[in-house]
Amino acid sequence: MHIPDAFIPIPQAALYWIIALIFIALSLRWARKEMKDDKIPLVAVLAAGIFAIQAINIPIPWGTSGHMMGAALAAIVLGSPFAAVFVLTLVLIVQGVLFGDGGLTVMGANIINMGVIGGFVGFYSYRALVPLFKNIYPAAFIAGWLSLFIAALVTAVEMAVAGTFPLELGLFSMGLYHAVIGVIEGGITAVAIYLIHTARPDIMAEPSGAVSS
Amino acid sequence: MNTRTFLFAGLAVALVIAAAAPFIASSNPDGLESAFFGIFGAKEIQGSEISEEHAEAAEEEVTAITGNEFSFDSPFPDYTIEGLAKYGEAAAIIIGTVLVLAIAFGLSRIMARPE
């Protein structure tokens, strides 16, 4: 879902950068307030793991592929949507600057889609779903799926605003592909949460008002 | 599991994924790219054949629409290292993984510092 430079006119890309910078500032405020010494290894490992797993494109039908985004995972494990913005921004900067994956002028849009939308949708849908299922894993799966699917639809709207995709066809094709890629997102999110929960139940954020472990 | 073990176990998992990525990843276009090719006539949205010729034209066409001609030569374009094939890609992704780990660790340390 990494938008390349050519897909968005520079004035719009600049606007996305401004919005992204506001969320980056808020994510730094989150980090300043919530980051404790015992959380540092988890943040570092999550960021590295998310970077690595984003390199694995899994084939889906229609000659297409997709990879995990990881925002829902970061937000759920660290207990804040701003944690996803923090982690995904680092990942996207390294991807864009070192590997040309995702444009630089449009990096603000990529941070909004994958970090902000992914993080907020993932975090709040997880929080709403845990009490419903009384189990964190199906909640994590659906939160992961939704985070990717909604981020893809937002990307399609940005493409329509940019004049790159017609709105309906953009929503249809982005929705179709990412409904399938979302299964990868949901599955890996649930598995990763299981692994972290098993290794270190103490460092994972509690979904508020719900029973975990 | 103590914190040190957790950190190293997590890093080990990330590095295994990084090293394996180029050998197992699909080279099909990703969702956004595939939608782009579909909309610009280089493939059917629900088909899988990509016309190389149309794909190139599509890229010129979209640049003409947005006027965003910005381009930037990244050191390891598309996770490749010049002259090295798949092993170079594995190395590039490992470098990226370690770099992300170091930046995340360093920045988190700074953020966690008391006033």
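Every number here is computed from the coordinates shown, using simple stated rules; none is lab data. Small disclaimer: the values here were computed from a predicted structure and weren't measured. Don't worry about glycine lacking a Cβ; one is built from the backbone with ideal geometry, like all the others, and counts go over all protein chains shown.
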Legend entry - Relative contact order (%) - region B:34-115, alpha-carbon pairs under 8 angstrom, separation at least six: 13
Legend entry - Approximate spin-label separation B:Ala12-A:Val97, in nm, with each point projected 7 Å along Cα-to-Cβ: 3.1
Legend entry - Helical contribution to [θ] at 222 nm, DSSP H n ≥ 4, -39,500 (n - 2.57), averaged over the protein assembly as shown, rounded to 500: -22500 deg cm²/dmol
Legend entry - Inter-chain shielding of A:193-205 (mean C-beta neighbours from other protein chains, 10 Å cut-off): 2
Legend entry - Inter-probe distance in nm under a simple model that places probes 7 Å from Cα toward Cβ, at A:Lys36 and B:Tyr87: 4.6
Inset, instruction - In whole Hz, with x marking every Gly and Pro, tabulate ³J(HN,Hα) for region A:10-24 from phi via Karplus 6.51 cos²θ - 1.76 cosθ + 1.60, θ = phi - 60°. - result: 4, x, 5, 4, 5, 4, 4, 4, 4, 4, 4, 4, 4, 5, 5
Inset, instruction - Express the Stokes-Einstein translational diffusion coefficient of the protein assembly as shown in µm² s⁻¹, to the nearest whole number, given a Kirkwood radius over alpha-carbon pairs, 4 °C and a viscosity of 1.567 mPa s. - result: 66
Legend entry - Highest average packing first - A:131-138, A:193-200, Cβ atoms within 10 Å: A:193-200, A:131-138
Inset, instruction - Please determine, in degrees from 0 to 90 and to the nearest 10, the orientation of helix A:118-133 with respect to the longest principal axis defined by the Cα atoms of chain A, where the helix direction is its Cα long axis. - result: 40
Inset, instruction - Could you run the Debye sum over the Cα atoms of region A:90-183, one equal point scatterer each and no solvent, and tell me log10 of I(q)/I(0) at q = 0.16, 0.19, 0.20 Å⁻¹, two decimals? - result: -0.73, -0.93, -0.99
Inset, instruction - Count, for each residue of A:7-15, the Cβ atoms from other chains sitting within 10 Å of its Cβ, then give me the mean as a whole number. - result: 3
Legend entry - Dipole magnitude (debye, nearest 20) for region A:7-203, charges at Cβ of Lys, Arg, Asp, Glu: 440
Inset, instruction - Partner chain Cβ atoms within 10 Å, averaged over the residues of B:60-66 - can you pull that number for me? - result: 5
Legend entry - FRET efficiency estimate (nearest 0.05) - Cβ-Cβ, B:Glu69 to A:Ile19, R0 30 angstrom: 0.80
Legend entry - For region B:3-112, size of Cβ-based charge dipole, Lys and Arg +1, Asp and Glu -1, in debye: 1140
Inset, instruction - Work out which helices of chain B, taken as complete DSSP H runs, extend at least 20 Å along their axis over the Cα atoms and score a mean Kyte-Doolittle of 0.0 or more, then list them. - result: B:3-24, B:86-112
Inset, instruction - Considering Cα pairs under 8 angstrom that are at least six residues apart, work out the relative contact order of chain A and quote it in whole percent. - result: 26
Inset, instruction - Using a 10 Å cut-off on Cβ atoms, rank the peptides B:75-87, A:167-179 from the highest mean neighbour count down. - result: A:167-179, B:75-87
